[in-house]
Structure formats: C-alpha cells, structure tokens
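Notes follow the structure.
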Amino acid sequence: MATYERYHCWSILLRLFHWMFALSIVFLVVTGFYISNPWTNTLLEGSASFPMATMRYIHFIAAYVFSAALAIRLFLYIFGNAQERILDILPVTRRNLNNLKMTFLQYTYLSGDHDERLGHNILAGLAYLLTFVAAVVMMLSGFFMLYPEISFWEGWGVLLFGSQQSARYLHHLLMWWFMIFAVIHIYLCIWNDCTEPEGLISSIFTGAKFKHKA
Amino acid sequence: MADNVSKTMNPQLDRRGFLKGCTMAAAALGLSEAMIPRLVEAAANAERPRVIWLHFQECTGCTESLLRASHPDLARLLLDIISLDYHETVMAAAGHQAEQNLHDTVNNHPFLLVVEGAIPTKENGIYCMIAGKTAMEILAEVAPKASAIIAIGSCATFGGVQAAAPNPTGAVGVQDLVSGKPIVNIPGCPPNPISFLGTILHYLTFNRLPVLDSLNRPLFAYGRRIHDHCERRAHFDEGRFVEQFGDEFHKLGYCLYKVGCKGPETFSNCPAVRFNDVEVWPVSVGHGCIGCTEPNFWDTMTPFYERLPMAKIPGGGIIDSADNVGKTVLGVTAAAVGIHAAVGIGKRLIKGKKEE
Ligand code: HEM
Ligand code: HEM
Ligand code: SF4
C-alpha cells in the first residue's frame, strides 16, 4: 500500500481564476451563439421583452469577468507560486522537455509511466498557454467591438484586425477553440483522475494534490 | 417632379438654395446653428479654391451621385464654391486643352486634389492609362504638389471592387501610394455627397481638414456605426428579425440582421443624413447594409446576405460557413476523445489495472 502526502499546489487566486474563466466562458459561448444567430423571434410587438439586448448584456458582464480572470492569470504567470509561473510550463529546461515526451507517450498509451510533478504537465501547460493567448485575442476583438468610438480601441483595433467585420469574424471563429478545448480538457482531467491517484480534479477546488511519500 | 426637373436645368444657384445647401452641410458636420453664418460667409467670400479631380479605375458613380442624383442645390453649391479646373466628366475642355489646364494648375497654383477611382499597380500600372500616361504616373506627378488630397469613394480609399481577391490589376487606394500629404478618405459606394461637401466647407471655413479616424475618414461622417443610429434598432434589441426577404417580418419592417445586414460593423452617417433628398437609405427600404464604407468590404462583407464570411479550409479548397466548419472540428474532437477512452478501457481490460 502506497502512502501519500498532501501538497499545496494551487493558490486561491489560481482557483479563483479557473472558475471565473470556465464559468464566464460557458455564458460567453451561449450568449455568443445567440448574438450570432438569434434563435428566437419576438412575435408580439410591445411585449417588453428584450432578448437580444439581454443576451448582449449578459455577454458583456461575462466578458468583464473573463477579462478580470485574464488579468489574474497574467499576474500569476509572473508572480505566482512555483507551479503557476510561466517558466514551469515552458518546454525550455531538460526536466520540462522530458516531461513533454513522457506525457505524450503516456497519453498515446505507448508507455504506462507517469512523470511525477506537482504542477501541470507540459502538454497541458502549453494548451493552457495557447488558450490564454486566444483569450487575449477574444478580449481585444471584443472590446474593439464594444467601444468602437473610443480612440484607444479604435486605433488598436484597426491596427490589429483591420475592420470591425474582420474582428467579428475572428471573434466568432476563435469561439470554436474554446469549445474544442473544453471537451479535450474536461476529458483529460477525468482521464488523469482515473489513471493517477493524485486527486487532480479536486485540486482545482482545494488547491492540493496527493503525491507518493518520498 | 416636373418642378424638380426645371430646377435642375437652371444653372443659377439662388440665395435660398445656397443657404439651404450650407445648412445641410452644417447639420452633417454637427455644427451649431450659430455657425451657419460663418459657413455661409466662407462659402460666399473665400477665394474659390482650385480643385483637380482625377478619375482612375472607377465607374464615375461618385461624380454621378454628387452632381446629379441628389439635391440639385448641393451640386450647384459645390460648383459655386470651388473652381473645378480639371474634371474629365464635366469639364468643357478636351484633348490638349484639357491637359493644358491640368498642367497650368498643377505647376502654378495651390490646389486641392480629389481622386476618384483606384490605381492599378501591376505591370507598372498599364491597366489604366489617360493621355498616354498610367494612373500611377499621373498621381505621382500631381499628388506631391497638392495642398491636400481627398480620396472619394471606396475605390480611391481602399481599392474598391477591382481590388477584390485575387486583385488581378493590383488596384490600391491613394493612401497606399502617397505619403507626406494630408489625405481625407471619403469611402462609400457611392459616398453621400453631403460628406464630401461638408469636408470642403469645413476646409473653407476653418482653414483645416476635419478630424479623422484612424482610417482617415472624417469623424463627422464616419464616427458612428450605422447600427447605433438605425431606425430598426428597437427591433434588434427586442429580438424581432426578418428571417427571409419578403416574409411577414420583412413587411413589418423588422431588423435585417439575420439576412446579412452589416450595419453593426459599418461606420457611416447613412441613417442620419440619408440620400437623394427623399429621406431614404438602404435599410429604410428593406435591404441590409452591405458595409461599403469599410476597408475590403468586397471580401469581408460577402456573402452580402450572410452575417459573416465563409471559412476557407486551407489546401482543401472547401468553402463552408464558419459554424459548419466549427461543428465538424468539434465532432471530430469528440470522436477522438471517444476513441481515446475506448482504447484506454480496452487496454485495461486486457492488461488489468496496475496495482498501487
Ligand atoms: C471566450 C470568450 C468569448 C466567446 C466565446 C465569445 C463569443 C462571441 C460570439 C460567438 C459573438 C457573436 C459573433 C458573431 O457571430 O457576430 C460575440 C460577439 C461579441 N462579443 Fe464575444 N465572446 C467572448 C469574449 C468576449 C469578450 C472578452 C468581450 C469583451 C468585451 C466580448 C465582446 C463581444 C462583443 C462586443 C460582441 C458583439 C455584440 C454585438 O455587437 O451585438 N466577447 N462573442
Ligand atoms: C467541469 C469542468 C472543469 C473541471 C472539472 C476542470 C478541472 C481542471 C483541473 C483539475 C485543472 C488543473 C489541471 C492540471 O493540473 O493540469 C484545470 C486547469 C485549467 N482549466 Fe479547467 N476544468 C473545467 C472546466 C474548464 C473550462 C470550461 C475551461 C475553459 C474553457 C477550463 C480552463 C482551464 C484552464 C485554462 C486551466 C489551467 C489553469 C492554469 O492556467 O494554470 N476549465 N481545470
Ligand atoms: S437593420 Fe441592420 S443596422 Fe439596423 S438594427 Fe438591424 S442589424 Fe442594425
């Protein structure tokens, strides 16, 4: 019987980031779909219902939560604990490169070995980083669409995207990344939770993981 | 109607028409009533600035809409306050005489340059030649001597329909070729004559060009999204949409978003200023905005009756709506996840769970 020890892994800020991010995205995707293709048609005029205005309103509130979450993550990439800093997930050290290789072999069932480490494995870390970058693009294109008359957003938006329409198209296309990511992410969390008894899923609630006693 | 026609025939601008034109321009510029006398004074007294109007790759629709279709007083006011030294469509001179006028103004006087039409650049610009010279050569000769340049229409500003992918003639707008000169872009296909007149009157009255956005469009005309001033906006917010052209909702005047209206992505004063003196603009007569004042609208705003462009799958040559592509990729992902899980379970069944 192996013995396990409880290690503190994720700060409260990171867990806050995770749930702000995940929940806001659920709202953003649903309302985003509605904005893109409103599936209702208010047949009664003067019925005082504002489905489009309401959906957009929810989208924008969720967007602010989402943007705040991004600010938290940016802070943690620089000032977080050892597992949260960006260097911990970049494949630049020998240890990290080795972890990337081993994770790949493990995920493709080519090897049963698990490279023990406290933070994210490198494959996951890179996927999260990619998602972070995509999220920044969502935020920039979103605020450009929201505040087209503010010269700051107008200047940057035209420089980055060319026009409102191009920003909107990119915003719409990138939405699909978040859905695809969520499917893979939740699946792999469950998969890892089944394969390794480190308590991965509960770690995003409690901040603690369980590792073999040294 | 008959009255209108005879007025058009009368080349004289009366005082009433003059004031009316100035007032319309002042309204478009967002100037207070108190400013109208200054505008009138400037329009009446200023030394008429010389204007050279160059036509390149275009359809002359901008000139057409400026001089004919709209309020007759506007065109006459315009011709009254500027001295149009060279304009291929309306000048009386022809041949060498016309060239003479052009060179005389360019070399001896300060002038405003108006460009209508894109400039083809492929193969040294041979796709548009006037008097034996390419559009590129003419622009390179005239532009550096102009005090300011006004690019009128979506062709002169962003290249126009002829710049649509794959842009066979390499058509570009003025700002892509000319630097170091103040350039005002007045895009639109065609732009509202008031936006052009407003720019000229602003220049005459205040001796400087109006404030521009980062695409060099005057803010007084292009500072707001169509969607934010649209009379159908209440239907948008309350979720009442035309599902198909000609349906019940179309007859009721609901929002055209779902049949591809690009008002939410397009900056222009169309809903406020309207066209042709009969108070209409595309959306008011039941057709969605096609986004003609935006860069690359011929590529980014098409298909005109869909909200977003189609997604191209690189290499495959497949073109589909962005959402169909997304759904396919998501489906493939879900299938991959399923297979991955099945392989894992199968392996475990065969090998047994590794004991801790
Ligand atoms: C993962 C995050 C996000 C997702 C999945 C998402 C999704 C979407 C979608 C699908 C649309 C409709 C686009 C269309 O088809 O026309 C949309 C519109 C929009 N989104 Fe987002 N969005 C996200 C984040 C944001 C953020 C951070 C902002 C920042 C303010 C934002 C602001 C907007 C705005 C202003 C619109 C246009 C609404 C309108 O004009 O009616 N979005 N979003
Ligand atoms: C029921 C749903 C979810 C559960 C149980 C869950 C669980 C987890 C767990 C356990 C981790 C840490 C994994 C590790 O150590 O590698 C994590 C990280 C992460 N999750 Fe989720 N997640 C869920 C939904 C989502 C959704 C919907 C998104 C966004 C689309 C998301 C985005 C992320 C990101 C970006 C991280 C990395 C955190 C970091 O930057 O360090 N999660 N999640
Ligand atoms: S018709 Fe077009 S511009 Fe008008 S509210 Fe609808 S989407 Fe906006």
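Globularity index of segment B:226-355 is 1.66 (Cα radius of gyration / 2.2 N^0.38 Å, N = number of residues). Shown for segment A:28-51: residues covered by the partner protein chains by 30 Å² or more of accessible area relative to the chain by itself (probe radius 1.4 Å), namely A:36, A:38, A:41, A:42, A:43, A:45, A:50. Mean sequence separation of contacting Cα pairs (under 8 Å, at least six apart), scaled by the length of chain B, corresponds to a relative contact order of 13 percent. Hydrodynamic radius of segment B:14-142 by the Kirkwood approach over all distinct alpha-carbon pairs: 16.4 Å.
Between B and A, buried accessible area from a 1.4 angstrom probe totals roughly 4200 Å², ignoring ligands, DNA and RNA. Over every Cα atom in segment A:62-185, the radius of gyration and the widest Cα-Cα span, Dmax, amount to 17.7, 56 Å.
Provide the net charge surrounding residue B:291, with neighbours chosen by a C-beta distance below 15 Å and charges set as Lys +1, Arg +1, Asp -1, Glu -1.
+1
Rolling a 1.4 Å probe over the heavy atoms of the protein chains gives segment A:119-213 an accessible area of 42 Å² per residue. Legend: mean number of C-beta atoms from other chains within 10 angstrom of residue C-beta atoms, peptide B:235-247, equals 5.
Isolated cysteines in chain B, defined as those with no second cysteine Cβ under 4.7 Å, comprise B:22, B:59, B:62, B:128, B:155, B:230, B:255, B:261, B:270, B:289. For the protein assembly as shown, carbon and sulfur atoms together expose 64% of the accessible surface, with a 1.4 angstrom probe and every protein chain in place. Volume per residue for segment A:4-212 equals 155 cubic angstrom (convex hull of Cα atoms). When the Cα convex hull of the protein assembly as shown is projected onto planes of every orientation, the mean area is 34.6 nm².
For residue B:82, the shell of other residues with beta-carbons less than 11 Å away shows a net charge of -1, using +1 for Lys and Arg and -1 for Asp and Glu. Give me Rg over Rh for segment B:2-222, both radii from the alpha carbons and Rh done the Kirkwood way, two decimal places. Taking Rg over the Kirkwood Rh, I get 0.96. Considering only beta bridges that DSSP places wholly inside the protein assembly as shown, some 45 percent are antiparallel. Computed with a 1.4 Å probe over protein heavy atoms only, the accessible surface of segment B:267-352 comes to 53 Å² per residue. Each Lys or Arg adds one and each Asp or Glu subtracts one; over the other residues with Cβ under 15 Å from the Cβ of residue B:161, this totals -4.
Model label sites at residue B:321 and residue B:23, defined 7 Å from Cα along the beta-carbon direction, differ in position by 4.8 nm.
The values are calculated or read from the model by the stated rules, or taken from the named source; none is laboratory data. Values in this document were obtained by computation on a predicted structure and should not be read as measured data. We place every Cβ from the backbone using ideal geometry, glycine too, and count neighbours over all the protein chains shown. SASA here: full protein model, heavy atoms, side chains in, ligands and nucleic acids out. Shrake-Rupley method; radii C 1.70, N 1.55, O 1.52, S 1.80 Å.
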